[in-house]
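Participant: Have a look at this one.
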Amino acid sequence: MGIQDDDIASVRAATDIVAVISEHVALKRVGRRWVGLCPFHNEKSGSFSVNAEEKLYYCFGCGAKGDVITFVREVEHLDFVGAVEKLAAKAGITLRYTDESQTEGRKRRAQLLEAVARAVDWYHARLLSAADAATARSYLRSRGLDGDDVRAYKIGWAPSGWDELARALRLPDDVFVEAGLGFLNRRGRPTDAFRGRVLFPIFDVAGAPVGFGGRVLPGQDGAKYKNSSQSTIYDKSRLLYGLNWSKADIVRADEAIVCEGYTDVIGFAKAGVPRAVATCGTALTEEHVKLLRSFARRLVLAFDADAAGQNAAERVYAWERQHDIDVAVAALPHGVDPAELALSDPGALADAVAQAQPFLKFRLDRVLGAAALDTPEQRARAAEAAMAVVQEHPSDLVRDQYLMEVAARCRVDPDQLRNRRFAPPRGAEPHKGRAGRQGRPPSDDGDERWDDDEPPPRGTLVRPERARPRPAPRDTAETEALRMLVWRRDEIGPWLHEALFREPVAASAYRALVSTPTVADAVAAAGSDDPAAGDLVQRLAVEETEADAHDVLSRLVDEAATAALSSLKAEARVADDPFAVGEAIAWLNLRIMELREPSTNEQALDQLLGWLTGRPEEEHG
Ligand code: ZN
């Protein structure tokens, strides 16, 4: 199972690692490297380095490292083959597989995607020009979507006949059904899945169409929204409508807006905030959060997050901890959805995002805003309700700050609030039984938002010890010399010798670097010798050095000579003839002293290099 090695190598060679990483990380050029904030750990200063020439990255904070394929795997949660395929598609390289069944699976997927793409085009053309789509066109216009929007988002119209798409595309039955475009009726005839609906094609993050969200026209029968059914290409727990378009702005702003409707996503883009995504007929899942986390650290919820209640709150706090994200809630006017606001007051929609509140602050304001605070009894009740919300938060430091706010707003002694538990807010039925607001989001199965199969991650409320960024190891002269060998080989290479590297890891890295043509090859060679050596070369490949070659060489020789001196001294203590060794000790002592003196440094350096490496010596003076 896999892709042929030649093809993997061509994909690596054809890919610009800086361009790929820049889709996720804002990189800045520093010398010959590129530096940015690590997408794999939380940091304020850039520890994440990319070497464009060697096509490698390394993070000094968390140790994340690899090549462009590793990066795509990690950040987009793909397997190796998936990552190579993604990059190959971008580079226009056709892959050959080592296993036929693998090839078959990939071929099948390509066939299904092709079928959906043809359906997207057919439905789209139908909306643009067919007479039976006039009502759909005027409905879209009433929602503020003009012809340009319809074309940009490839919106379509599914006519109300039973099998118009099936007859137009004439796909093999199995492809038609498996691609989610329809089903076989009782007489075995292909029948369209979508009829009499405006269709919003749903694309995967790479921009391939994988399914549809269909909205019935106002006044027509049927569920308001119907989505493609779950299939090999359409997985609603991982899909986010709009991510293919908005990911660039999400990375730039380090923020993603999560809304509930397809027209909300479009509304945000039209209002000048082109970084919204929508779930496709399901609650926001942890998979969605993980996917978004690989593009941004902050999520702004642009739907009625309060209505989802306590259960949602627990999940949000768990995600904040586990995935190191901040979740905020957009300050939307109550009961107005983003698509409506985009139409009536686009500036207010942008402001609602700019003024988003932390999740807990938003919940607290809702509770206190609704409470009467005129009498002592009312204020005590309000304080209890507010504290029930505050105590959901897992951090005692955060809780205490909000507790002070509750105490002040309800005029209660904070110590009275500190030492007791509060019942969950009334009506906080976590799952079912909540009345949906008007303008319900797309939902193909009547799911409530937030509510999917897996239970909220209970018992994980204690903040896990986050992997602390490791301090960069203090560099030895050996490391510095290797780094210079990577970056400025001509300046130091001719004077180096394996004997100067006493650390086994450094020695192995040295051997790999001098025996292979490129640093990437050296990473592989060193890694097969000793994984730590592979790591070392990888790291050095992103650490440009400003050091002076002569200084580095002097330090390296000083360390090596000093080490040799101590072993000679140890030898002298047990030697039969201490004077034989004593002469060498005296000679070394003197040379080391000379090495440290600027006026005699150069000569001593030559002599010591000769002695340490066993090369033909120049005269010892
Ligand atoms: Zn990192």
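The values are calculated or read from the model by the stated rules, or taken from the named source; none is laboratory data. From a predicted model like this one, the values you see are computed outputs, not experimental measurements. FYI the Cβ positions are ideal-geometry reconstructions off the backbone, even for glycines, and counts take in every protein chain you see. When the accessible area is computed, the model is the full protein with side chains, heavy atoms only, and any ligands, DNA or RNA have been set aside. Shrake-Rupley method; radii C 1.70, N 1.55, O 1.52, S 1.80 Å.
Participant: Can you tell me which residues in segment 130-169 are aromatic (Phe, Trp, Tyr) and under 18 Å from Leu181 (Cβ atoms)?
Facilitator: Correct list: Trp157, Trp162.
Participant: What are the residues in segment 490-545 that are within 22 Å of Ala9 (Cα to Cα) and surrounded by fewer than 18 Cβ atoms within 10 Å (Cβ to Cβ), if any?
Facilitator: Result: Val514, Ser515, Thr516, Pro517, Thr518, Asp521, Ala524, Ser528, Asp529, Pro531.
Participant: Let me ask something else about it. Has segment 398-421 got any residue that is open to solvent by less than 40 Å² (accessible area, probe 1.4 Å) and acidic (Asp, Glu)?
Facilitator: No, because not a single residue in segment 398-421 is open to solvent by less than 40 Å² (accessible area, probe 1.4 Å) and acidic (Asp, Glu).
Participant: Please state which of the following conditions Asp16 fails to meet, knowing it meets all the rest: (1) within 12 Å of the ligand (Cβ to nearest atom); (2) at pLDDT 90 or above; (3) among the acidic types (Asp, Glu).
Facilitator: It is condition (1) that Asp16 fails.
Participant: Could you please give the count of residues in segment 51-65 that are within 16 Å of the ligand (Cβ to nearest atom) and either assigned to a loop (DSSP other than H, G, I, E, B) or of a type outside the set (Lys, Arg) (or both)?
Facilitator: 10
Participant: Okay, next question. Sort through Val75, Val25 and tell me the only one that's part of a loop (DSSP other than H, G, I, E, B), aliphatic (A, V, I, L, M) and within 14 Å of the ligand (Cβ to nearest atom).
Facilitator: Of the residues listed, the single one that is part of a loop (DSSP other than H, G, I, E, B), aliphatic (A, V, I, L, M) and within 14 Å of the ligand (Cβ to nearest atom) is Val25.
Participant: Just to be sure before I move on: is Val75 surrounded by 18 or more Cβ atoms within 10 Å (Cβ to Cβ), touching a residue at least 24 places away in the same chain (Cβ under 8 Å) and in contact with a Pro (Cβ under 8 Å, 6 or more places away or on another chain) in the structure I sent?
Facilitator: Considered against the rule, which asks whether it is surrounded by 18 or more Cβ atoms within 10 Å (Cβ to Cβ), touching a residue at least 24 places away in the same chain (Cβ under 8 Å) and in contact with a Pro (Cβ under 8 Å, 6 or more places away or on another chain), Val75 comes out as yes.
Participant: For segment 280-295, give me each residue that is under 14 Å from Val205 (Cβ atoms) and either assigned to a helix (DSSP H, G or I) or at pLDDT 90 or above (or both).
Facilitator: Glu287, His288, Lys290, Leu291, Leu292, Arg293, listed by residue number.
Participant: Taking into account only those residues within segment 141-171 that are of a type in the set (A, V, I, L, M, F, W, C) and not in a loop (DSSP other than H, G, I, E, B), which is surrounded by the most Cβ atoms within 10 Å (Cβ to Cβ)?
Facilitator: For segment 141-171, the residue satisfying everything is Trp157.
Participant: Let me ask something additional. So, of the residues in segment 369-384 that are surrounded by 16 or more Cβ atoms within 10 Å (Cβ to Cβ) and at pLDDT 90 or above, which turns out to be farthest from the chain's Cα centre (by Cα)?
Facilitator: Step by step, filter segment 369-384, then rank; the result is Arg379.
Participant: Let me ask something additional. Taking segment 31-50 as the search range and keeping residues that are touching a strand residue (DSSP E or B) at 6+ places or on another chain (Cβ under 6 Å) and more than 7 Å from the ligand (Cβ to nearest atom), which one is modelled with the lowest pLDDT?
Facilitator: Among those residues, the one meeting the criterion is Gly46.
Participant: Are any residues in segment 172-203 open to solvent by less than 30 Å² (accessible area, probe 1.4 Å), farther than 19 Å from Ser138 by Cα and not in a strand (DSSP E or B), and if so, which ones?
Facilitator: Val175, Phe176, Ala179, Gly180, Leu181, Ala193, Phe194
Participant: Could you say whether any residue in segment 391-408 is without any contact (Cβ under 8 Å) to a residue 40 or more places away in the chain, of a type in the set (Gly, Ala, Ser), over 22 Å from Leu284 (Cα atoms) and part of a helix (DSSP H, G or I)?
Facilitator: For segment 391-408, residues without any contact (Cβ under 8 Å) to a residue 40 or more places away in the chain, of a type in the set (Gly, Ala, Ser), over 22 Å from Leu284 (Cα atoms) and part of a helix (DSSP H, G or I): present.
Participant: Same structure again: Just to be sure before I move on: is Gly582 in a helix (DSSP H, G or I) and either open to solvent by 20 Å² or more (accessible area, probe 1.4 Å) or of a type in the set (Val, Ile, Thr) (or both) in the structure I sent?
Facilitator: It is true that Gly582 is in a helix (DSSP H, G or I) and either open to solvent by 20 Å² or more (accessible area, probe 1.4 Å) or of a type in the set (Val, Ile, Thr) (or both).
Participant: Mind telling me which of the residues Ala19, Ala14, Ala52 ends up being under 24 Å from Asp521 (Cα atoms) and free of Cβ contacts under 8 Å to residues at least 12 places away in the same chain?
Facilitator: Checking each option against the conditions leaves just Ala19.
Participant: Can you tell me which residues in segment 216-263 are part of a loop (DSSP other than H, G, I, E, B) and among the small types (Gly, Ala, Ser)?
Facilitator: Matches in segment 216-263: Gly219, Gly222, Ala223, Ser228, Ser229, Ser231, Ser237, Gly242, Gly261.
Participant: Go through the residues of segment 316-337 one by one and say whether even a single one is at positive phi and either crowded, with 18+ Cβ neighbours inside 10 Å or touching a helix residue (DSSP H, G or I) at 6+ places or on another chain (Cβ under 9 Å) (or both).
Facilitator: Taking every residue of segment 316-337 in turn, at least one turns out to be at positive phi and either crowded, with 18+ Cβ neighbours inside 10 Å or touching a helix residue (DSSP H, G or I) at 6+ places or on another chain (Cβ under 9 Å) (or both).
Participant: As an exercise: evaluate Trp487 against (1) open to solvent by less than 50 Å² (accessible area, probe 1.4 Å); (2) in contact (Cβ under 8 Å) with a residue 60 or more places away in the chain; (3) over 19 Å from Thr476 (Cβ atoms) and give the number of the one condition it does not meet.
Facilitator: (3)
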